[in-house]
Amino acid sequence: MSVDHKILGLLFPSDPSLWKNDINLEEILTDHAYCEMKAAVSCISLIQMNPDKSYLVDCVMPVITEEWGHFRLVVQELKKRNLSLGKQRKDRYVNELINFKQKGGHAADRFLDQLLFMALIEARSCDRFKLLSERMKDPYLKKFYRRFMESEAGHYTLFIELGNHYCGKEKTKKRWLEWLKYEAEIVQKLSPDHNVIH
């Protein structure tokens, strides 16, 4: 499976200089673990807020299981390497994205924004996992991050598809392009010391 930022629709590629030869593996894995945890929690919240949408519930339940399984895999990888799960850092990237979500207006528009917000995080994570899979010296970690890359790509497409299903393809596409433009501006302005996965 070949994935890059253009296939994902991202308007600006992830910066390869974020991961140089002096990669701090403990920091990478800690950041990754919390990203998987937050993804699972976001999916749970999505169901809690939309229990009447049976198709969404059916689609998102397996994602919760998968994301939590990923969290466990990353924590196991830390333990295997005698590394510690550090503290969760402030996620400047996600906080900037949250600022773009509609706060008022129609519930349907806020719902669509939540789906696209989640899709964008998955797409950016996919792009960064690709970079990690290419830059890791450890052959096992190369495969480790390749598998995560493929999983995130599937999640990204699911949230877009849910937007199409519930809000219509034209509306979803129009708003998605607005999200992509905003996200590209964020990625360009954030300094290299922001969270390594998001």
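The values are calculated or read from the model by the stated rules, or taken from the named source; none is laboratory data. What you see is a predicted model; the values in this text were computed from it and never measured. Cβ sites come from the backbone with ideal geometry, for glycine too, and all protein chains shown count toward neighbours.
Before we move on, is Tyr156 among the hydroxyl-bearing types (Ser, Thr, Tyr) and either more than 13 Å from the chain's Cα centre (by Cα) or at positive phi (or both)?
On the way: among the hydroxyl-bearing types (Ser, Thr, Tyr): yes; either more than 13 Å from the chain's Cα centre (by Cα) or at positive phi (or both): no.
So Tyr156 does not fit the description; no.
Can you pull out every residue in region 17-30 that is surrounded by fewer than 16 Cβ atoms within 10 Å (Cβ to Cβ) and modelled with pLDDT of 70 or more?
If we filter region 17-30 for residues that are surrounded by fewer than 16 Cβ atoms within 10 Å (Cβ to Cβ), which is where we start, we get 17, 20-22, 24-27.
Asn24, Leu25, Glu26, Glu27 - these are the residues of region 17-30 that are surrounded by fewer than 16 Cβ atoms within 10 Å (Cβ to Cβ) and modelled with pLDDT of 70 or more.
Tell me which residues, restricted to region 50-87, are polar (S, T, N, Q) and more than 25 Å from Lys143 (Cα to Cα).
Filtering region 50-87 for residues polar (S, T, N, Q) gives 50, 54, 65, 76, 82, 84.
Scanning region 50-87 gives Asn50, Ser54.
Show the residue pairs meeting these rules: Cβ distance below 6 Å; 6+ apart or different chains; first residue within region 173-185 and closer than 16 Å to Arg92 by Cα and in contact (Cβ under 8 Å) with a residue 40 or more places away in the chain; second residue surrounded by 12 or more Cβ atoms within 10 Å (Cβ to Cβ) and aliphatic (A, V, I, L, M).
From residues that are closer than 16 Å to Arg92 by Cα and in contact (Cβ under 8 Å) with a residue 40 or more places away in the chain, the pairs are Glu183/Leu120; Ala184/Leu11.
Among the residues of region 86-137 satisfying the criterion of being farther than 20 Å from Gln188 by Cα and among the acidic types (Asp, Glu), which is nearest to the chain's Cα centre (by Cα)?
Only one residue fits best here, namely Asp113.
For Ser125, are the conditions met, namely being in contact with a His (Cβ under 8 Å, 6 or more places away or on another chain), polar (S, T, N, Q), surrounded by 16 or more Cβ atoms within 10 Å (Cβ to Cβ) and closer than 20 Å to Phe12 by Cα?
Numbers: in contact with a His (Cβ under 8 Å, 6 or more places away or on another chain): yes; polar (S, T, N, Q): yes; surrounded by 16 or more Cβ atoms within 10 Å (Cβ to Cβ): yes; closer than 20 Å to Phe12 by Cα: yes.
In short, yes.
Considering only residues that are of a type in the set (Gly, Ala, Ser) and not in a helix (DSSP H, G or I), look in region 97-147 and name the one that is nearest to Ala39 (Cα to Cα). Lay out the reasoning, then the answer.
Keep residues of region 97-147 that are of a type in the set (Gly, Ala, Ser), which gives 104-105, 107-108, 119, 123, 125, 133.
Add one more test, that the residue is not in a helix (DSSP H, G or I), and what stays is 104-105.
Working: Gly104: 24, Gly105: 25 Å.
It comes out as Gly104.
Specify the residue that is surrounded by the most Cβ atoms within 10 Å (Cβ to Cβ); the eligible residues are those in region 136-157 that are within 30 Å of Lys171 (Cα to Cα) and in contact with a helix residue (DSSP H, G or I) (Cβ under 6 Å, 6 or more places away or on another chain).
Start the filter on region 136-157 by keeping residues that are within 30 Å of Lys171 (Cα to Cα), which leaves 148-157.
Of the ones still in play, those that are also in contact with a helix residue (DSSP H, G or I) (Cβ under 6 Å, 6 or more places away or on another chain) are 148-149, 152-153, 155-156.
Working: Phe148: 24, Met149: 21, Glu152: 28, Ala153: 21, His155: 22, Tyr156: 24.
Looking at residues that are within 30 Å of Lys171 (Cα to Cα) and in contact with a helix residue (DSSP H, G or I) (Cβ under 6 Å, 6 or more places away or on another chain), I get Glu152.
State all residues of region 60-112 that are in contact (Cβ under 8 Å) with a residue 60 or more places away in the chain and of a type in the set (Gly, Ala, Ser); if no residue qualifies, say none.
Of everything in region 60-112, just one residue is in contact (Cβ under 8 Å) with a residue 60 or more places away in the chain and of a type in the set (Gly, Ala, Ser), namely Gly86.
Mind listing whichever residues of region 125-172 are β-branched (Val, Ile, Thr) and modelled with pLDDT under 95? Explain how you work it out, then say what you get.
Going residue by residue through region 125-172, those that are β-branched (Val, Ile, Thr) are 157, 160, 172.
Listed by number, the list holds a single entry, Thr157.
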